[in-house]
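Single-structure report; data block below.
Just so it is clear, none of the values below were taken in a lab; they were calculated from the coordinates. Only a predicted model underlies this, so the values are computations on that prediction, with no experimental measurement involved. Because the Cβ atoms are built from the backbone with ideal geometry, glycine has one as well, and the counts that use them run over all protein chains shown.
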Amino acid sequence: MKNQFDYIDQQILLKLRSDARKAYSQIAEELKVSNSLIHQRVKKLTETGVIKKADLILDEKKLGYNTKAYVGIRLKEARFATKVVEKLREIKEVTECNYVSGKYAIFALVYAKDNDHLRSVLYDQIHEVDGVGGTDSFICFTTNFDRSVPVVIS
């Protein structure tokens, strides 16, 4: 299904992406449109699923999570995939989980306090999940940038 949004929708998305807490009245003023139009458009963008949620982004290092790792997970058999993902969802240090192609069946993003904590998450939690055949970890030294997909009119 093709996106059905126009220039105003695009500008609203760009402004909210830069600051999701920005007041609708301020966006309306900047775009020189009515406040109610902004409310209607945001409601439409939410109902159609273009806007999934407005999220609070935390600084993991300031919360004490100094180790960030991408973990490639191999399964013993493909039939374990759904159950493994359900168990990974229960591990609070796993913040993202994706099915992928290639050597791994699942790629997960894990935050840990330090390398010892990461080892514990891997060996005491992830490796204990029924169906996990093995893991490879890729420690992230620095996140250079993180952004949403581009907002374009199609």
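Tabulated data for the structure shown
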{"item": "Size of charge dipole - the chain - debye, nearest 20, with Cβ of Lys, Arg +1 and Asp, Glu -1, no other charges", "result": "400"}
{"item": "Highest-first arrangement of 104-115, 23-34, 54-65, where packing means the average Cβ count within 10 Å", "result": "104-115, 23-34, 54-65"}
{"item": "Average Cα contact separation per residue, the chain, under 8 Å, 6 or more apart, as relative contact order %", "result": "28"}
{"item": "Solvent-free Debye scattering, log10 I(q)/I(0), computed from the Cα coordinates of segment 67-140 at q = 0.13, 0.28 Å⁻¹", "result": "-0.30, -1.49"}
{"item": "For segment 67-140: relative contact order, % (alpha-carbon pairs under 8 angstrom, 6 or more apart)", "result": "51"}
{"item": "Space enclosed by the convex hull of the alpha-carbon atoms of the chain, per residue, Å³", "result": "152"}
{"item": "Greater than 23 Å apart at Cα, pairs in Lys44/Lys83; Lys62/Lys92; Lys52/Lys113; Lys53/Lys76", "result": "Lys44/Lys83; Lys52/Lys113; Lys53/Lys76"}
